[in-house]
Amino acid sequence: MTDLARPGALRADAVRNRAALLSVARQHLERDGSAQLNAVAREAGVGVGTAYRHFPDQQHLLEALAIDAFEAMLDQVRVAVALPDPQAALRGVVTEAFRGLVGDRALAELLTGGAFSCADTAELAGDLVASVGALLRRATDASVVRADIGPDDLRRLVCGMRAAATAGGSPVADPDRYVEILLTGLRPVPG
């Protein structure tokens, strides 16, 4: 895995082409639910060959669209792991992750799919799993979360919550209600 969602140094024209492709792809994804690279290239005024040099496949394009939000999510979890109150830290992480998934379709699709083809996003994913694992261990030790909940469980639950909250084409009016329902379900059962 050598491809990168966020490549290093590019020529000025390549930077412009990539930015145009990403901008149009994000518009297509938000509007249509998909971003077909041939259509994106045409609308961005970039040759199809150039588009495929930047993004060899749909997964690569998705990872490039989501990497900034994905990195921000990881930063939030890393900060939360160090907070003194594991319950408040978990609530903050779940709330921000849920809002991020509702607000960024590329991030939602990336995390729902759970697969990575770019080295940098795969590394972020590994770091996210480790950080969420540390947060869940702290929450479990504080009797805030059931012991059988792992990072992948939380990813799946938040992605499922996003699907429920956006069903029918528009987000729910009170997303915090969904967060509270999820957190209640994660609590250990007394006795």
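Annotations for the structure displayed:
- Residue list for region 21-38, filter: in a helix (DSSP H, G or I) and open to solvent by less than 30 Å² (accessible area, probe 1.4 Å): LEU21, VAL24, ALA25, HIS28, LEU29, LEU37
- Residue in region 128-137 that is under 22 Å from ARG78 (Cα atoms) and touching a Ser or Thr at 6+ places or on another chain (Cβ under 9 Å) present: no
- Within region 146-155, tally of residues that are within 25 Å of PRO190 (Cβ to Cβ) and open to solvent by 50 Å² or more (accessible area, probe 1.4 Å): 4
- Matching residues in region 3-15 - criterion: being within 21 Å of the chain's Cα centre (by Cα), open to solvent by 40 Å² or more (accessible area, probe 1.4 Å) and not acidic (Asp, Glu): LEU4, ARG6, PRO7
- Exactly one residue out of ALA163, ALA115, ALA167 is among the small types (Gly, Ala, Ser), under 29 Å from ALA35 (Cα atoms), at pLDDT below 95 and outside any helix (DSSP H, G or I), and it is ALA115.
- None of SER131, SER117, SER143 is open to solvent by 70 Å² or more (accessible area, probe 1.4 Å) and small (Gly, Ala, Ser) except SER143.
- Candidates are the residues of region 69-92 that are part of a helix (DSSP H, G or I) and without any contact (Cβ under 8 Å) to a residue 24 or more places away in the chain; the one that is farthest from ALA115 (Cα to Cα) is ALA88.
- The single condition from (1) in a loop (DSSP other than H, G, I, E, B); (2) more than 20 Å from GLY126 (Cβ to Cβ); (3) modelled with pLDDT under 90 that ARG6 fails is (2).
- Filter result for ARG18 (part of a helix (DSSP H, G or I), farther than 17 Å from THR112 by Cα, within 21 Å of the chain's Cα centre (by Cα) and among the charged types (D, E, K, R)): yes
- Residue pairs meeting the criteria (Cβ under 9 Å; at least 6 apart or on separate chains; first closer than 25 Å to ALA88 by Cα and in contact (Cβ under 8 Å) with a residue 24 or more places away in the chain, in region 164-178; second open to solvent by 50 Å² or more (accessible area, probe 1.4 Å) and of a type in the set (A, V, I, L, M)): TYR178/ALA164
- Candidate set from region 35-50 (those that are within 24 Å of LEU124 (Cβ to Cβ) and in contact (Cβ under 8 Å) with a residue 24 or more places away in the chain); member that is farthest from the chain's Cα centre (by Cα): LEU37
- The residues of region 65-78 that are open to solvent by 10 Å² or more (accessible area, probe 1.4 Å) and over 16 Å from VAL102 (Cα atoms), listed by number, are GLU71, ASP75, GLN76, ARG78.
The values are calculated or read from the model by the stated rules, or taken from the named source; none is laboratory data. Quick caveat, the model's predicted, so the values are computed rather than measured. Note that we place each Cβ from the backbone using ideal geometry, even for glycine, and neighbour counts take in every protein chain shown. Note: accessible area is taken over every heavy atom of the protein model, side chains too, but ligands, DNA and RNA are not part of it. Shrake-Rupley method; radii C 1.70, N 1.55, O 1.52, S 1.80 Å.
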